[in-house]
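Novice: If you scroll down you'll find the structure; I have some questions about it.
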Amino acid sequence: MSSPSAVFSRDYKGPDRPSIVRGRGMYLEDSTGRRYLDANSSAGVVGIGHGRTEIAEAMVAEGESLSFVYGGAFNHPWQEKLAKAVLSVAPANMAAVYFVSGGSEANETAIKLARQYHVERGKPGKHKLISRWQSYHGVTLATLSLSGRTSWRQLFTPYLTPVTHITPPYEYRCAYCADRGGCTLSCADELERAILLEGPDTVSAFFAETIVGTTATGLVPHPDYYARVREICDRYDVLFVCDEVLCGYGRTGKPFAIQHWDVEPDIVTMGKAIGSGYVPLGAVVIAGKIVDAYAAGTGRFVHGFTYSGMPISCFTGLKVFEIAQREKLFERTGPMGEKLKAAVKGVAEKHECIGDVRGRGLLVGVEFVADRATRQPFPKEAGFTAKVLAGMRQRGVIVSPGVPLANFGKDGDHLQISPPFIIGDEEIGMIADALDGAVGDAVRSL
Ligand SMILES: Cc1ncc(COP(=O)(O)O)c(C=O)c1O
């Protein structure tokens, strides 16, 4: 039986999706007039909030003068201005930006950029990639290969390229340090072992979500973790790539999440909040040493999407940046995130099934367990996260489901709260109330 919809569904068996017709600030409204608090920024995207008239008006004005020009043949002022704006808040070693249309494209670009960097320097053997389990870097075949998200990899395994995955810095379930009374940075040292086992002359880059997103929301590594990673990468001439598609561009209280560690990466990939949902936009922020190697070598990066650096996307990205600066949104997410986490921890005190509340800024993860003492997860069949999500939606609050993880890909429940940067105290209260009610209902339904 064919579906009445002309759009290929992402889930033919799932419940009907509301048709959203309006977005304003923190809220979405569906075709029946029902309002939802968008407490996940629509997949972590809408940093500056929905429906900014200023942006819509500016897009109309700019669209009339230049909608598209091909980046392989021409430059245009907006790309240059947005690149300068991004660099003005980036780690000091960053020197150039390559614009794309989203996060997967950004990571795909970073893989190729890293590979060609080594070739430009006369090291053609360096091509292998290392990343971490319980991570997500995108849906294209190369970025899915990087991703350590078992449930999304399995179906496409025959097409995935070899990538070595190491243990993530997952303090709540750390296999290394659970019985050692604190972090020993063993998970960072695993990177060195992986490089040695692969052969240092063959390894190109290490990719990490600086703060982990939807696969294990809110894993914030130890304060010394990235310094150790940097040291190891330097020792073996391996590029250190931070995926900040979700956690970057102001979400965690600094423009770049890696700035919490005061470490300089070689490449940072961005997406989501850089366009804030007004345009599809992503960026690869590139260290001076890489730019220099290209400039001194062939000079030409063998890569480019038709829509790379599209004028209207860069123009709109610049407007998003200007609003974020004017309203100090990149700084606001820090203190508002602390309030959000405190409110969620308040809910956790009432519910034994909330095992861990973690994250930084407005990227908060809530992990559920069947037993708080043993940290035993609920069986997958209980569908606990789905129940909590449905209960929160019934109460008018939208959050993201986390991907199952605790039993290495099968069981395990968590959700992600990642609201727009403009969130206020009232909305934090609404999120906490909805979580409280929905968790209570989900437990009673078991
Ligand atoms: C950390 C991270 N990297 C990469 C991506 C892929 O970005 P996109 O969906 O824009 O291709 C995502 C998307 O959720 C992400 O969270």
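Residue-wise test of (1) charged (D, E, K, R); (2) open to solvent by 10 Å² or more (accessible area, probe 1.4 Å); (3) more than 15 Å from T252 (Cα to Cα); (4) touching a helix residue (DSSP H, G or I) at 6+ places or on another chain (Cβ under 7 Å).
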| position | (1), (2), (3), (4) |
| --- | --- |
| I290 | no, no, yes, yes |
| I312 | no, yes, yes, yes |
| E349 | yes, yes, yes, no |
| G361 | no, no, no, yes |
| V364 | no, no, no, yes |
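Novice: What number of residues in region 143-166 are within 16 Å of the ligand (Cβ to nearest atom) and either basic (K, R) or farther than 25 Å from A406 by Cα (or both)?
Specialist: So the count comes out to 2.
Here is a yes/no grid of residues against (1) within 16 Å of the ligand (Cβ to nearest atom); (2) of a type in the set (S, T, N, Q); (3) open to solvent by less than 30 Å² (accessible area, probe 1.4 Å):
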residue: P91; (1), (2), (3): no, no, yes
residue: A95; (1), (2), (3): no, no, no
residue: Y98; (1), (2), (3): yes, no, no
residue: L113; (1), (2), (3): yes, no, yes
residue: K123; (1), (2), (3): no, no, no
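Novice: Can you name the number of the only condition in (1) at pLDDT 95 or above; (2) within 11 Å of the ligand (Cβ to nearest atom) that K128 fails?
Specialist: All conditions are met except number (2).
Novice: Determine whether V163 is surrounded by 15 or more Cβ atoms within 10 Å (Cβ to Cβ) and without any contact (Cβ under 8 Å) to a residue 40 or more places away in the chain. Walk me through how you get there before you give the answer.
Specialist: Details: surrounded by 15 or more Cβ atoms within 10 Å (Cβ to Cβ): yes; without any contact (Cβ under 8 Å) to a residue 40 or more places away in the chain: yes.
Taking the combined requirement at face value, the residue satisfies it.
Novice: How about region 32-65: which of its residues are open to solvent by 50 Å² or more (accessible area, probe 1.4 Å) and assigned to a loop (DSSP other than H, G, I, E, B)?
Specialist: T32, R34
Novice: Would you check if there is a residue in region 144-156 being in contact with a Leu (Cβ under 8 Å, 6 or more places away or on another chain), open to solvent by 30 Å² or more (accessible area, probe 1.4 Å) and closer than 20 Å to F256 by Cα?
Specialist: No, that holds for no residue.
Novice: While we're on this one: Name the residue that is farthest from the ligand (Cβ to nearest atom), counting only residues in region 196-233 that are in a loop (DSSP other than H, G, I, E, B) and more than 16 Å from the chain's Cα centre (by Cα).
Specialist: G199
Novice: Then there is this: Just need a number here: residues in region 381-422 that are closer than 16 Å to I354 by Cβ and of a type in the set (F, W, Y).
Specialist: 1
Novice: Here's a check for you: in region 1-31, which residue that is among the aromatic types (F, W, Y) and open to solvent by 70 Å² or more (accessible area, probe 1.4 Å) is nearest to G391 (Cα to Cα)?
Specialist: Checked region 1-31; the qualifying residue nearest to G391 (Cα to Cα) is Y12.
Novice: Look at A106 and say whether it is within 12 Å of the ligand (Cβ to nearest atom), assigned to a helix (DSSP H, G or I) and aliphatic (A, V, I, L, M).
Specialist: yes
Novice: Please give the number of the condition S131 fails out of (1) assigned to a loop (DSSP other than H, G, I, E, B); (2) touching a helix residue (DSSP H, G or I) at 6+ places or on another chain (Cβ under 6 Å); (3) buried (at least 17 other Cβ atoms within 10 Å of the Cβ).
Specialist: So the condition that S131 fails would be (1).
Novice: Here is a further query. Among the numbered conditions (1) more than 23 Å from W261 (Cα to Cα); (2) more than 16 Å from the ligand (Cβ to nearest atom); (3) open to solvent by less than 20 Å² (accessible area, probe 1.4 Å); (4) modelled with pLDDT of 95 or more, tell me where V119 comes up short.
Specialist: The failed condition is (3).
Novice: When residues of region 399-446 are filtered for being open to solvent by 40 Å² or more (accessible area, probe 1.4 Å), over 17 Å from A370 (Cβ atoms) and part of a loop (DSSP other than H, G, I, E, B), how many remain?
Specialist: 1
Novice: Across region 234-252, which residue is farthest from F321 (Cα to Cα) among those that are of a type in the set (A, V, I, L, M) and either outside any loop (DSSP other than H, G, I, E, B) or more than 11 Å from the ligand (Cβ to nearest atom) (or both)?
Specialist: Taking the candidates together, the pick is V238.
Novice: Which numbered condition in (1) open to solvent by 20 Å² or more (accessible area, probe 1.4 Å); (2) within 16 Å of the ligand (Cβ to nearest atom); (3) in a loop (DSSP other than H, G, I, E, B) is the only one that P169 fails?
Specialist: Every listed condition holds for P169 apart from (1).
Novice: Residue check: is A382 out of contact with any Cys (no Cβ under 8 Å at 6 or more places or on another chain), in contact (Cβ under 8 Å) with a residue 40 or more places away in the chain, of a type outside the set (K, R) and surrounded by fewer than 21 Cβ atoms within 10 Å (Cβ to Cβ)?
Specialist: Against the criterion (out of contact with any Cys (no Cβ under 8 Å at 6 or more places or on another chain), in contact (Cβ under 8 Å) with a residue 40 or more places away in the chain, of a type outside the set (K, R) and surrounded by fewer than 21 Cβ atoms within 10 Å (Cβ to Cβ)), A382 qualifies.
Novice: A further question follows. Only one residue in L87, L82 is open to solvent by 20 Å² or more (accessible area, probe 1.4 Å) and away from the ligand (no atom under 16 Å from the Cβ). Which one?
Specialist: Unique residue meeting the criteria: L87.
The values are calculated or read from the model by the stated rules, or taken from the named source; none is laboratory data. Just so it is clear, the model here is predicted, and its values are computed rather than measured. Cβ: placed from backbone, ideal geometry, glycine included. Neighbour counts: every protein chain shown. For the accessible areas, the whole protein counts, side chains as well, though only heavy atoms, and no ligand, DNA or RNA atoms are used. Shrake-Rupley method; radii C 1.70, N 1.55, O 1.52, S 1.80 Å.
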